[in-house]
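Since the structure comes first, as structure tokens, the remarks are kept for the end.
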Amino acid sequence: MSETAQPAKRLFIKTYGCQMNVYDSERMADVLAPLGYGMTDSPEGADLVVLNTCHIREKATEKVYSELGQIKRMKQAREADGAGMTIAVAGCVAQAEGEEIMRRQPAVDLVVGPQAYHQLPELIARAHRARGERLAADFAADEKFDALPTTRRPDGVTAFLTVQEGCDKFCTFCVVPYTRGAEWSRPAETIEAEARGLAEQGVREVTLLGQNVNSYAGEGGLAGLVRRLAKIPGLDRIRYTTSHPRDMDDALIAAHGEVDELMPYLHLPVQAGSDKILKAMNRAHTAESYLRLIERIRAARPDIAISGDFIVGFPGERDADFEATLQLVREVGYASAFSFKYSRRPGTPASAMPGQVAEEVKDERLARLQALLIEQQRAFNASQTGKVLPVLFEKKGRHTGQLIGRSPYLQSVHVSAPDRLLGQIVTVKIEDAAQNSLAGVLALETA
Ligand code: SAH
Ligand code: SF4
Ligand code: F3S
């Protein structure tokens, strides 16, 4: 594109929530590009603002409404200048709250659920014409992928690639089965085609996405898909997220031991360590079965970094139940983790359970759990010092002459290195470790 060819219309997308939303935002930009929309990095002065929202916890949802309040003022300012702004709400709040959003914030022009992004051009046209039909929230995931543009323009050397959507697990605390619909897998051929297209444009690493990615039901399951993608020239690293312990099958565990491209990092949420709580959560695993699973995975790939999600203060969680969570964490030894206070979500079974836990108790438990998880993360990072690791350089660092990349274990690694190594996988000697990153030197230069 020449420097003078400014896009006719400016698009601002703000993304909340999980990686699936990051992927979807990119795809929305792809759908809108042929209509003349080019990305801008601030909502002020945008012709179209899309908020791609998350409904997972109450805070996430409330953030959207406060952001909408601010964007409404920008819209009014633009209208006063004789220009317009179209406001669209996409993502999981759109799916869960639909019309309610437009009632709460009348400045919103349209609401579009996660499976209807291919209808965006039409919805925008209708919103412009008549303020007519403003809501599209059905669950036909196959239509979405068939109708999205087949080519992508990756921005960088790593990319997300959605392979599965939706959830049939119905954990009693979670809104995802309601916002993303039933589990659905894309055919392996279309995923392979998308991955090849990305690799041809210089992508070295893909992260396969799904709300339950390891329940991938296309040909060969997730293990088969990983082996298939590993053969694509140029694609050197494969990751996947998020997995459910229940769908971690032997074939996938074996792949961790056999496929070099499959990175030694696994996000495998356990949520809690008390069997009573796990049962009330409808998790379909026990603490013991989870620990045995981790053992089998480590037998296949001894150095694998394990990550997880935790909820504290689920209804009925007593001190002893929380202690069981801490005990499980000590037994596993996590490389990284996300932990949350239970948030009561309307319409989910747990929101109506007796024994809701007081906020102060949740705060105290979260602080204790996080202290332990941070200690483990620091220990894991520290265990890398002195090692020589392959690092994929993804971007420039804050200091001149510095690049930032990722280790196989998904740690950020800061290195003094020339720009020409961007996008390359280079061996780095790790010299220092902090809570959130490593620092090292190019191994060749130290040899
Ligand atoms: N599909 C993934 C992730 C779902 S959402 C999985 O099953 O692991 C990401 C995380 O948010 C969950 O793992 C859980 O730890 C947390 N979460 C979901 N609902 C929540 C709620 N109501 N309150 C607090 N945390 C929640
Ligand atoms: Fe939510 Fe459970 Fe499904 Fe994960 S597996 S998305 S936590 S219902
Ligand atoms: Fe949030 Fe929806 Fe992802 S609720 S975590 S954006 S699936």
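Pairs meeting the criteria (first residue in region 18-39 and open to solvent by 30 Å² or more (accessible area, probe 1.4 Å), second residue of a type in the set (Phe, Trp, Tyr) and at pLDDT below 95, beta carbons under 7 Å, at least 6 apart or on different chains) are lacking. For region 331-357, a tally of residues being assigned to a helix (DSSP H, G or I) and either surrounded by 14 or more Cβ atoms within 10 Å (Cβ to Cβ) or near ligand 1 (Cβ under 9 Å from one of its atoms) (or both) returns 4.
Here VAL415 passes the criteria (1) crowded, with 20+ Cβ neighbours inside 10 Å; (2) in contact with a Pro (Cβ under 8 Å, 6 or more places away or on another chain); (3) farther than 21 Å from TYR240 by Cα except the one numbered (2). Among the residues of region 181-213, write down those that are open to solvent by less than 20 Å² (accessible area, probe 1.4 Å), over 20 Å from THR158 (Cβ atoms) and within 16 Å of ligand 2 (Cβ to nearest atom). Hits for region 181-213 are GLY181, ASN212. Every condition in (1) of a type outside the set (Phe, Trp, Tyr); (2) under 18 Å from PRO245 (Cβ atoms); (3) surrounded by fewer than 19 Cβ atoms within 10 Å (Cβ to Cβ) holds for LEU328 except the one numbered (3). Quick check, is LYS231 more than 30 Å from PHE314 (Cα to Cα) and in contact with a Pro (Cβ under 9 Å, 6 or more places away or on another chain)? Taking the combined requirement at face value, the residue does not satisfy it. For region 265-305, name all the residues that are part of a strand (DSSP E or B), touching a Leu at 6+ places or on another chain (Cβ under 6 Å) and open to solvent by less than 10 Å² (accessible area, probe 1.4 Å). Once the filter is applied, which keeps residues that are part of a strand (DSSP E or B), touching a Leu at 6+ places or on another chain (Cβ under 6 Å) and open to solvent by less than 10 Å² (accessible area, probe 1.4 Å), region 265-305 yields nothing. Under 7 Å between Cβ atoms, which residue pairs at least 6 apart in sequence (or on different chains) link something in region 294-322 that is within 24 Å of SER407 (Cβ to Cβ) and more than 16 Å from ligand 2 (Cβ to nearest atom) with a partner that is of a type in the set (Ser, Thr, Tyr) and open to solvent by 10 Å² or more (accessible area, probe 1.4 Å)? Listed by first residue and then by second, the contacts come to ILE304/TYR265; ALA305/TYR265; ALA305/TYR409. If I filter region 430-447 down to residues being farther than 30 Å from PHE338 by Cβ and at pLDDT 95 or above, which single residue comes out as least open to solvent (accessible area, probe 1.4 Å)? Selected residue: LEU442. GLN384 fulfils the conditions (1) within 25 Å of the chain's Cα centre (by Cα); (2) farther than 25 Å from PHE173 by Cβ; (3) touching a residue at least 40 places away in the same chain (Cβ under 8 Å) except for a single criterion, (1).
For region 219-235, the count of residues that are touching a residue at least 12 places away in the same chain (Cβ under 8 Å), within 16 Å of ligand 2 (Cβ to nearest atom), on the phi > 0 side of the Ramachandran plot and not assigned by TED's automatic domain parsing to the domain that holds ILE56 is zero.
Scanning region 10-43 for residues that are touching a Phe, Trp or Tyr at 6+ places or on another chain (Cβ under 7 Å) and either within 20 Å of PRO114 (Cα to Cα) or in a helix (DSSP H, G or I) (or both) gives LEU11, GLN19, VAL22, TYR23, ASP24, ARG27, MET28, VAL31.
Of the residues in region 26-43, at least one is within 16 Å of ligand 3 (Cβ to nearest atom) and in contact with a strand residue (DSSP E or B) (Cβ under 7 Å, 6 or more places away or on another chain). Of the residues making up region 253-264, none is within 16 Å of ligand 1 (Cβ to nearest atom), in contact (Cβ under 8 Å) with a residue 12 or more places away in the chain and either surrounded by 20 or more Cβ atoms within 10 Å (Cβ to Cβ) or under 22 Å from ILE425 (Cα atoms) (or both).
Scanning region 95-154 for residues that are modelled with pLDDT under 70 and crowded, with 21+ Cβ neighbours inside 10 Å yields ALA136, ALA141. Taken over region 398-435, the criterion of being among the polar types (S, T, N, Q) and touching a strand residue (DSSP E or B) at 6+ places or on another chain (Cβ under 7 Å) is satisfied by GLN402, SER407, GLN411, SER412, SER416, GLN424, THR427. Of all residues in region 223-262, exactly one satisfies the criterion of being part of a helix (DSSP H, G or I), more than 22 Å from GLY156 (Cα to Cα) and β-branched (Val, Ile, Thr), namely ILE253. Looking only at residues in region 44-68 that are within 9 Å of ligand 3 (Cβ to nearest atom) and in a loop (DSSP other than H, G, I, E, B), the one that is most open to solvent (accessible area, probe 1.4 Å) is ARG57. One residue alone among LEU328, LEU392, LEU403 is more than 25 Å from ALA439 (Cβ to Cβ) and modelled with pLDDT of 95 or more, and that residue is LEU328. Considering only region 189-222, state which residues are over 18 Å from ASP146 (Cα atoms), of a type in the set (Asp, Glu) and either within 16 Å of ligand 1 (Cβ to nearest atom) or in a helix (DSSP H, G or I) (or both). Scanning region 189-222 gives a single hit, GLU200. Pull up region 163-180, narrow it to residues that are in a helix (DSSP H, G or I) and more than 10 Å from ligand 1 (Cβ to nearest atom), then point me to the one that is surrounded by the most Cβ atoms within 10 Å (Cβ to Cβ). Looking at the filtered set, the residue picked out is THR179.
The values are calculated or read from the model by the stated rules, or taken from the named source; none is laboratory data. The structure presented is a predicted model; accordingly, all values stated were derived computationally and were not measured. FYI the Cβ positions are ideal-geometry reconstructions off the backbone, even for glycines, and counts take in every protein chain you see. To get the accessible areas, we keep the full protein, side chains included, count just its heavy atoms, and leave off ligands, DNA and RNA. Shrake-Rupley method; radii C 1.70, N 1.55, O 1.52, S 1.80 Å.
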